[in-house]
1. Considering segment 25-58 alone, what residues qualify as being more than 16 Å from Ala15 (Cα to Cα) and at pLDDT 90 or above?
2. Just to verify a result, which residue in segment 2-20, among those that are without any contact (Cβ under 8 Å) to a residue 60 or more places away in the chain and farther than 17 Å from Gly73 by Cβ, is surrounded by the fewest Cβ atoms within 10 Å (Cβ to Cβ)?
Amino acid sequence: MDHRIIYTTYDEMQAELLRLHLVRHGVPCWLRSMRVGGYQGITFGPLGEIHLMTAAPYAEKGKRLIKQAEADGFLRHSEGHIENA
């Protein structure tokens, strides 16, 4: 199955809250990161990124839910960004 990155952030808590929010609204998703478990030293650049992933058919719905969450104040605007692709 084709997978898409729909959101990228450096904030682990924000990523997990957003993942739970999307799952609650019917978008199956998961987090992918290059961080080493339990090690918090790398929190910038590509090695510090946390990607919120979903299957391609759910990508647009997921992005809409993320935009709505930002508008409602659920997300802090500076913590991450919605992917274009």
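The values are calculated or read from the model by the stated rules, or taken from the named source; none is laboratory data. Predicted model, so just to flag it, every value in this text is computed and none were measured. Note that we place each Cβ from the backbone using ideal geometry, even for glycine, and neighbour counts take in every protein chain shown.
1. Matches in segment 25-58: Gly26, Ala55, Ala56, Pro57, Tyr58.
2. This residue is Asp2.
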